[in-house]
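One structure below.
Nothing in this text is a laboratory measurement; each read-out follows from the coordinates by a stated rule. From a predicted model like this one, the values you see are computed outputs, not experimental measurements. Note: ideal-geometry Cβ built from the backbone for every residue, glycine included; neighbour counts use all protein chains shown.
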Amino acid sequence: MKIKKILVSQPQPTTEKSPYFDISEKYNVKIDFRPFIKVEPIFAKEFRAQRLSILDFSAIIFNARHGIDHFFRLCEEMRVTIPETMKYFCVSESVALYLQRYIHYRKRKVFFAATGKLPDLVTIMNKHVDEKYLFITSDVQNEETMSTLEKSKVTFSKAVMYKTVSNDFTLEEDFNYDMLLFFSPVGIASLLKNFPNFNQGDIQIGCFGATTAQAVRDAGLRLDIEAPLPGVPSMTMALENYLKESNKKVRK
């Protein structure tokens, strides 16, 4: 079947340079962006139950902007003043620059992976093994992320500072797509929560990450596109390869 309409379960890219826009134009497909999950705060009482003292740590690990917002929100709520000696390790430059909302960026020690990939950030962290790291995360952790950190040389603790929950659809929202793309197991859970009688039929499902792929299979759904795979490092590359092959079949 020809793919005409795709739903990407992520926020719309903030830059026009996103490969999704190029794919939309090149293959004449409509791509909508609509997260299946959303973030909700964890408040001081819940955080204290984790028995963690932020000031016991000398370095903070951020792998998302959400983490930065909720870290400083909780610090304010608990009246914790972060010392200027605190070091920040961020998964990408864009996440690192987001810190400017809360700190005097140039006066602090901020490290980031130039590639935007966690293994490269861990390489940097491994050069600072004397630090005591606090990893800011949601209640749902990516298994690959945790495995990468656990294999590192550093000592770290995880701090759950926000929750990832289903972003429910309203009755007014149209849900008529030829393809759905997911990026976390929570997204699959949200799909089934919103549409308990979901019948995949000809709808193509794609996903990024091994844990998300397993969630698709565990739900009894058919997985049509998977990334990353050897030679296919991104969801956009996997999508373009699929559309290219799909168009060849339609022409025949």
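Results, tabulated for the structure shown:
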{"item": "Relative contact order (%) - the chain, alpha-carbon pairs under 8 angstrom, separation at least six", "result": "21 percent"}
{"item": "Unsatisfied cross-links (Cα-Cα over 29 Å) in the set Lys45/Lys153; Lys4/Lys38; Lys38/Lys117", "result": "Lys45/Lys153"}
{"item": "29 Å tail of the calculated P(r), the chain, as % of Cα pairs", "result": "38 percent"}
{"item": "Dipole in debye (nearest 20) - the chain, about Cα centre, beta carbon charges: Lys, Arg +1; Asp, Glu -1", "result": "480 debye"}
{"item": "DSSP bridge pairs, the stretch 168-252: antiparallel proportion in percent, nearest 5", "result": "10 percent"}
{"item": "Degrees separating the helix 185-194 axis from the principal Cα axis of the chain, which is the longest one", "result": "60 degrees"}
{"item": "Over the chain: helical MRE at 222 nm, DSSP H runs n ≥ 4 each giving -39500 (n - 2.57), nearest 500", "result": "-9500 deg cm²/dmol"}
{"item": "Antiparallel DSSP beta bridges within the chain, as percent of all bridges there, nearest 5", "result": "15 percent"}
{"item": "Cα-based helix-to-principal-axis angle, 65-77 vs the chain, degrees rounded to 10", "result": "40 degrees"}
{"item": "Rg ratio (alpha-carbon, reference 2.2 N^0.38 Å) - the stretch 40-165", "result": "0.97"}
{"item": "Test item: Cα-centred dipole of the stretch 147-187, Lys/Arg +1 and Asp/Glu -1 on Cβ, debye", "result": "680 debye"}
